[in-house]
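The values are calculated or read from the model by the stated rules, or taken from the named source; none is laboratory data. Fair warning: this is a prediction, and the values are worked out from it, not measured in the lab. Glycine also receives a Cβ, built like all others from the backbone with ideal geometry; neighbour counts cover every protein chain displayed. In case anyone asks, the SASA skips ligands and DNA or RNA and just uses the protein heavy atoms, side chains included. Shrake-Rupley method; radii C 1.70, N 1.55, O 1.52, S 1.80 Å.
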Amino acid sequence: MSAKVYPMSDAVKAHARLNPESYQEKYQASIADPEAFWREEGKRISWFSPYSKVKQTSFAPGNIDIQWYSDGTLNACYNCVDRHLPERADKTAIIWEGDEVDVQKHISFRELHESVARFANGLKKLGVKKGDRVAIYMPMVPEAAYAMLACARLGAVHSVIFAGFSPNAIADRVNDCGAKVVITANEGRRGGKVVPLKPNVDKALSNNACESIEHVVVLKHTDTDYPLEANRDIWWHDLIGDCDSDCPPEVMAAEDPLFILYTSGSTGKPKGVVHTTGGYMVYASMTHEYSFDLQENDVYWCAADVGWITGHSYIVYGPLANGTTTLMFEGVPTYPDVSRIGKVVDKHQVTILYTAPTAVRALMAKGNAAAKGSARDSLRLLGSVGEPINPEAWEWYYETIGNSACPVIDTWWQTETGGILIAPFPGATDMKPGSAMLPFFGIKPKLVDNDGKVLEGATDGNLIIEDSWPSQARTLWGDHERFEQTYFSTYKNVYFTGDGARRDEDGHFWITGRVDDVLNVSGHRLGTAEIESALVAHKAVAEAAVVGYPHDLKGQGIYVYVTVVDGVDASDDLLTELVKWVRSELSPIATPDFIQWAPGLPKTRSGKIMRRILRKIACNEHSQLGDTSTLADPSVVDSLIENRLNR
Ligand code: WTA
């Protein structure tokens with residue numbers, strides 16, 4: 001198959017950092033001598049005391065040990081804020097665009113410093129100190145970034161919980177890491193709707209469900225008053241009322257944890273992915289600079305949420321470490337209508353726009369209405385992240401949003417990788433719609449078959465990374481064994497991504513999607529096991545199996561098979577109730593698209609659910625079921641096919 005190739009425009013080539021030769025040269029150097037390469041690149045970050053060690057990493061079975069720059073000391077907040085004060089104090093650090101069209105704010109690096117340091121002093125008053133965990137459950141407001149940076153300043157480990165998660169999901173995450181404080185807001189705003197954040201936190205903490213929590217800090221973001229619990233809750237403005245902005249950043253070792261971020265895996269509860277300070281900052285800053293060919297006067301807009309890794313690395317830490325003006329958007333691309341993104345670009349003269357394919361498809365679905373009312377001629381570069389971008393969406397993004405003048409940088413990476421691993425390079429690579437193209441410096445991607453044999457040439461395979469890079473996750477909070485089990489046991493001595501990919505005849509990578517039981521719904525990662533355990537927690541449900549199927553807008557949709565408890569009526573009312581149940585137990589992002597009643601599930605004789613078969617039925621591909629002879633009761637399949645919902 002030969003894909004359409006788009007060259008980088010002359011305008012991009014004219015100022016880009018790299019050309020094809022210099023990319024190759026630098027890439028080869030990074031692979032030939034990682035120690036020397038990263039020793040040099042580590043200098044992009046300000047260190048309190050320099051590192052002498054660079055790379056000490058082992059993927060050996062039983063000894064997964066990843067350390068970078070281990071004897072250096074630094075502070076992430078200092079790197080994002082203080083170090084810009086001499087040159088960029090008056091430069092805008094954060095542009096905040098509210099949910100409503102006429103609401104915005106500009107925050108300079110000087111103001112950022114003041115707000116972060118005062119809030120850090122406030123947290124100190126609450127007893128927060130180095131090593132403590134702090135949960136952040138906030139809307140997309142500047143205070144969310146202040147909270148993250150204030151934790152980093154004190155050496156406290158933040159765990160941001162996406163504001164779309166339900167009370168149960170908050171409690172799980174808080175308890176897993178033993179957070180001492182939750183920082184939240186009374187309410188968030190999103191797409192014209194109000195999100196009751198404080199009430200969700202109250203529910204999560206009710207009945208002493210989160211014993212580690214000592215305090216809840218509440219930002220008054222809307223006018224609604226919620227009762228505060230005495231001795232536990234405090235308004236943000238009251239907390240900082242008497243705090244000054246003198247708060248020296250804590251001296252942190254490179255390998256001290258910076259944050260925990262929970263993400264979905266193929267089994268059990270969400271995993272607390274741990275990122276540390278030095279390597280993460282080096283890599284987030286470097287990838288942000290090279291992937292977007294960053295210029296000093298860029299107005300950079302990553303339209304993700306700080307609740308996800310993209311928000312951590314490419315709204316807060318990467319851009320601010322680089323002294324970039326970063327735009328935070330509280331709303332959604334379709335509110336008040338699909339012209340919003342273009343209008344925000346024009347209003348703030350955005351030069352780089354980084355968003356997810358699901359957003360692109362939502363706009364594309366409305367024809368060219370997204371382009372109405374805006375010129376978007378300030379843009380010079382577009383980015384994509386979170387899921388495979390289908391060529392049709394890529395081309396629409398390129399032509400309609402980017403006026404056929406901006407490269408589309410399709411960046412592949414994961415919560416666990418901390419930063420971009422595979423992406424086109426402005427100036428150095430062509431673009432092929434749907435391909436993430438080439439590895440970043442220091443990254444050695446390989447394709448392997450199911451037995452771990454490395455495949456050469458143009459082929460499909462499972463994507464592994466052969467060696468470590470500085471922003472790689474170090475462990476799962478409190479469970480190093482699960483870390484090894486999840487990422488280093490399928491194939492020995494390499495990192496397994498959980499993704500499948502194809503390499504074409506030019507050596508370019510095309511990510512095809514997860515090969516494990518993880519779904520990607522609208523760019524959100526969801527474990528089928530998590531949704532299943534939410535479902536079986538309902539008293540009417542005996543058993544549940546969840547699979548994904550291709551969905552035009554969301555990338556993947558959620559297809560659920562439910563077996564009800566004996567004697568329960570599988571009624572429409574129950575169906576509605578189960579949908580509501582999943583939304584409130586887990587999150588609205590996990591809303592099932594289809595729930596099919598299943599009198600029985602196809603199982604092997606040893607009792608294992610044959611998901612392969614359920615997937616085929618959900619994808620309406622039941623004519624290609626393959627071998628079903630190993631099933632304990634092959635007749636259940638016929639009934640499932642007959643009553644399938646996605647036709
Ligand atoms: C998928 C988001 C194709 C992939 C940064 C990965 C992508 C998972 C891309 C990680 C892309 C992310 N092309 N697939 N450009 N980017 N993915 O942890 O399946 O939320 O494993 O990190 O998203 O999702 P996560």
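Placing +1 on the Cβ of every Lys and Arg and -1 on the Cβ of every Asp and Glu, with nothing else charged, gives the chain a dipole about its Cα centre of roughly 80 debye. When nucleic acids and ligands are ignored and a 1.4 Å probe is applied, F483 ends up with an accessible area of around 0 Å². Bridging of K554 to aspartates and glutamates at a Cα separation below 12 Å is possible for E387, D593, once same-chain residues fewer than 8 apart are set aside.
Using R0 = 35 Å, the C-beta based FRET efficiency linking K372 and V194 works out to 0.80. For L553, the accessible surface of its heavy atoms amounts to roughly 80 Å² (probe 1.4 Å, protein chains only, rounded to the nearest 10). Each peptide in 78-89, 249-260, 140-151 gets a packing score, the mean of other Cβ atoms within 10 Å over its residues, and the list from highest to lowest is 140-151, 249-260, 78-89. Out of all DSSP beta bridges with both ends in segment 522-643, state the antiparallel percent to the nearest 5. Taking every DSSP beta bridge within segment 522-643, about 75 percent pair in antiparallel fashion. To the nearest 10, the accessible area of S384 is 0 Å² with a 1.4 Å probe. Is the shape of segment 522-643 best called rounded, prolate or oblate, per the rule: a/c under 1.5 gives rounded, else a/b larger than b/c gives prolate, else oblate, with a ≥ b ≥ c the square roots of the Cα gyration tensor eigenvalues? It comes out oblate by the Cα gyration axes. For segment 109-253, the number of Lys pairs separated by eight or more positions or lying on different chains, with C-alpha atoms closer than 30 Å, is 24. If Lys and Arg each add +1 and Asp and Glu each add -1, what is the summed charge of the other residues whose beta carbon sits under 10 Å from the beta carbon of S159? Neighbourhood net charge equals +1.
On the beta carbon distance between S606 and L645, with R0 = 30 Å, the FRET formula returns roughly 0.60. Using a cut-off of 15 Å between beta-carbons, work out the net charge of the residues near E25 (Lys and Arg +1, Asp and Glu -1, E25 not included). Local net charge: -2.
Charge dipole (Cα centre; +1 on Lys/Arg Cβ, -1 on Asp/Glu Cβ; no other charges) of segment 109-253 amounts to roughly 340 debye.
In segment 522-643, carbon and sulfur make up what percent of the accessible area (probe 1.4 Å)? Roughly 50 percent, rounded to a whole number. Here the accessible area of segment 1-76 is 53 percent carbon and sulfur, with a 1.4 angstrom probe and all protein chains present. On a per residue basis, the chain carries 37 Å² of accessible surface, using protein heavy atoms and a 1.4 Å probe.
Averaged over residues, the count of other Cβ atoms within 10 Å places the peptides 511-518, 359-366 in the sequence 359-366, 511-518, highest first. Remark: the Cα gyration tensor places the chain in the rounded category, a/c being less than 1.5. The Cα center of segment 105-158 and the Cα center of segment 359-428 differ in position by 31 Å. A simple spin-label model places the labels of V579 and A3 3.6 nm from each other, with each point 7 Å out along Cα-to-Cβ. Centre-to-centre separation between the Cα atoms of segment 243-258 and those of segment 319-356: 30 Å.
With a ≥ b ≥ c the root eigenvalues of the C-alpha gyration tensor of segment 163-280, is it rounded (a/c under 1.5), prolate (a/b larger than b/c) or oblate? Verdict is oblate for segment 163-280. Annotation: the antiparallel percentage among DSSP beta bridges lying fully within segment 88-200 is about 50.
Beta bridges per DSSP, both residues in the chain: antiparallel share near 60 percent. Partners of K105 within straight-line reach, counting aspartates and glutamates whose Cα lies under 13 Å from its Cα and excluding those fewer than 8 residues away in the same chain: E97, E143, E330. With contacts taken as Cα pairs under 8 Å at a separation of at least 6 residues, segment 25-95 carries a relative contact order of 24 percent. Each Cα pair under 8 Å and six or more residues apart adds its sequence gap; the mean of these over the residue count of segment 522-643 is a relative contact order of 23 percent.
Across the chain, the relative contact order, built from alpha-carbon pairs under 8 Å that are at least six residues apart, equals 14 percent. The residue list V217, G122, P249 was ranked by how far each Cα lies along the charge dipole of segment 109-253 toward its positive end, using unit charges on Cβ atoms, and P249 comes out on top.
Summing charges over all other residues whose Cβ lies under 13 Å from the Cβ of V128, with Lys and Arg as +1 and Asp and Glu as -1, gives +4. Can you give me the C-alpha center-to-center distance between segment 56-99 and segment 14-37, rounded to a whole angstrom? If we compute the Cα centre of each part, the gap is 22 Å.
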